[in-house]
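The values are calculated or read from the model by the stated rules, or taken from the named source; none is laboratory data. Keep in mind that this is a model prediction, so the values were computed, not measured. Neighbour counts are summed over all protein chains in view; Cβ atoms, including those assigned to glycine, are modelled from backbone coordinates with ideal geometry.
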Amino acid sequence: MLLLKYLILGIIQGFTEPLPISSSGHLRIFKSLFNSEVLSDMNFEIIVNFGSLIAILILYRKEIVSIIKDFFMFIKTKEKKYSVNYKYAWLIVVGTIPAALLGLFVKDFIEEYFTTKLVGLMLIVTSILLFMIKDIKGKKEKKDMTYLDALKIGLFQVVALLPGISRSGATVVGGMKSNLTRETALNYSFMLYIPISVASMVLGIKDLITAGNIGALAIPYLVSMIAAGIVTYYAAKLFIDIMKKGKLIYFSIYCFIVGLVVFIIF
């Protein structure tokens, strides 16, 4: 039974992580509904987030390698053909800084004081944000992005520290409001996810190592991590396809319905 719980929650994490529907919000809702000891296990969040991170790294492996290679090649040669990815690497750094800095200060406060009713309200906010950009197409490609664009999107990512505000949704909204194309906004959103997720992993490693139950839960942890990774991979591909078709309204409707129900019943 315990193994099944970890499997199901790994699937939920994997499905909601890349989509603009807030994985943290959904986990908080399930915790309130079922009062599961799994959902109270902070190590569980570290494990499933690691699975999701691996999935995104695999999905974008070619681009990640290209960015890293071009970054160092530009430093070495100063050739213009490497300049776009060189700048893009710095854009990722700039976009990461706001959430990385503020996250350290507000994480404990959010964990302690953020109620499930507020999660419902934030899901409604996510719905409104997604609705606002449903018809925006944007014109700016990766090569056209500015550091101001990156900072603006990074500030949107700060808002997503609140459970119920989707990280991918907020950063895509920030990108679209900065006149980026749908594909560019989504690509940058996933690139921002990587350093934030890595930082979260590093901060949680100490707790994971010192946890007394790590050995007893090794198999359930592994199952949830694999489930989260596999589902994240295909959910991210689904999001990419939906973004290309400009159908963000589906997520807007979903977030509004779930948010309203949660706000009412809690």
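Give the residues of region 134-181 that are within 20 Å of Tyr254 (Cβ to Cβ), at pLDDT below 95 and hydrophobic (A, V, I, L, M, F, W, C), sorted by residue number. Ile136, Val159, Ala160, Leu162, listed by residue number.
Against the condition exposed (fewer than 14 other Cβ atoms within 10 Å of the Cβ) and on the phi < 0 side of the Ramachandran plot, how does Phe105 come out, does it pass? Spelling it out, Phe105 is indeed exposed (fewer than 14 other Cβ atoms within 10 Å of the Cβ) and on the phi < 0 side of the Ramachandran plot. From the list Ile110, Ile165, Ile153, the lone residue that is farther than 16 Å from Met243 by Cα and surrounded by fewer than 18 Cβ atoms within 10 Å (Cβ to Cβ) is Ile110. Taking helices (runs of 4 or more DSSP H) as the structural unit, those lying wholly within region 47-154 and holding at least 3 residues that are touching a residue at least 12 places away in the same chain (Cβ under 8 Å) and under 28 Å from Phe263 (Cβ atoms) correspond to 83-113, 116-132.
Do we have Gly204 as over 29 Å from Ile264 (Cβ atoms), part of a helix (DSSP H, G or I), of a type in the set (Gly, Ala, Ser) and modelled with pLDDT of 95 or more here? No: the conditions fail for Gly204. Here region 21-49 is the region considered, the condition is being within 18 Å of the chain's Cα centre (by Cα) and of a type in the set (Gly, Ala, Ser), and the residue that is modelled with the highest pLDDT is Ser22. For region 126-184, give me the residue count where each residue is among the acidic types (Asp, Glu) and out of contact with any strand residue (DSSP E or B) (no Cβ under 9 Å at 6 or more places or on another chain). Summing the residues that are among the acidic types (Asp, Glu) and out of contact with any strand residue (DSSP E or B) (no Cβ under 9 Å at 6 or more places or on another chain) in region 126-184 gives 2.
Table: residues versus (1) within 22 Å of the chain's Cα centre (by Cα); (2) charged (D, E, K, R).
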{"residue": "Lys76", "(1), (2)": "no, yes"}
{"residue": "Tyr82", "(1), (2)": "no, no"}
{"residue": "Gly95", "(1), (2)": "yes, no"}
{"residue": "Tyr113", "(1), (2)": "yes, no"}
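Considering (1) at pLDDT 95 or above; (2) over 25 Å from Ser252 (Cα atoms); (3) in a loop (DSSP other than H, G, I, E, B), the lone condition that Pro18 does not fulfil carries the number (2).
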